[in-house]
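Heads up, the thing below is written out as structure tokens.
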Amino acid sequence: MRADLEDLIGPHDPASIRLLVDRVPAGSAWGELLDGLKNERYQMVVTHMALLSSAQRQQLIGVCALSGAQLVTPGNAIGASQPVPRSPV
């Protein structure tokens, strides 16, 4: 997974990565993700949007936009421009 992640976001500090996985739709990791975005603990979200419900996709897009976090999907790895880290406030 490390090589796949580097393909998506480029070089990064592995210690700065937090992997959130839910076994059920909108489980505890989903709540943690939204809370972390709202409180600006996360600067980037890497996900495959197809795994999310339509409502979750819209919510994630909106919360990322409001928080300033970058939303990275597999489409970024196939010719789309790579994300540029958000500058600290």
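Just so you know, all these numbers are worked out from the coordinates, no wet-lab data involved. Values in this document were obtained by computation on a predicted structure and should not be read as measured data. All Cβ positions, glycine included, derive from the backbone under ideal geometry; neighbour counts span all protein chains shown.
What to note about this one:
- Other residues with beta-carbon under 15 Å from the beta-carbon of His48 carry, at +1 per Lys or Arg and -1 per Asp or Glu, a net charge of -2.
- The string of couplings for region 10-16 from the Karplus curve (6.51, -1.76, 1.60, θ = phi - 60°) is x, x, 7, 8, x, 5, 8 Hz, one whole number per residue in order, with x for Gly and Pro.
- Working note: Cα gyration tensor of region 2-77, eigenvalues times five, square-rooted, sorted largest first, giving semi-axes of 19, 14, 13 Å.
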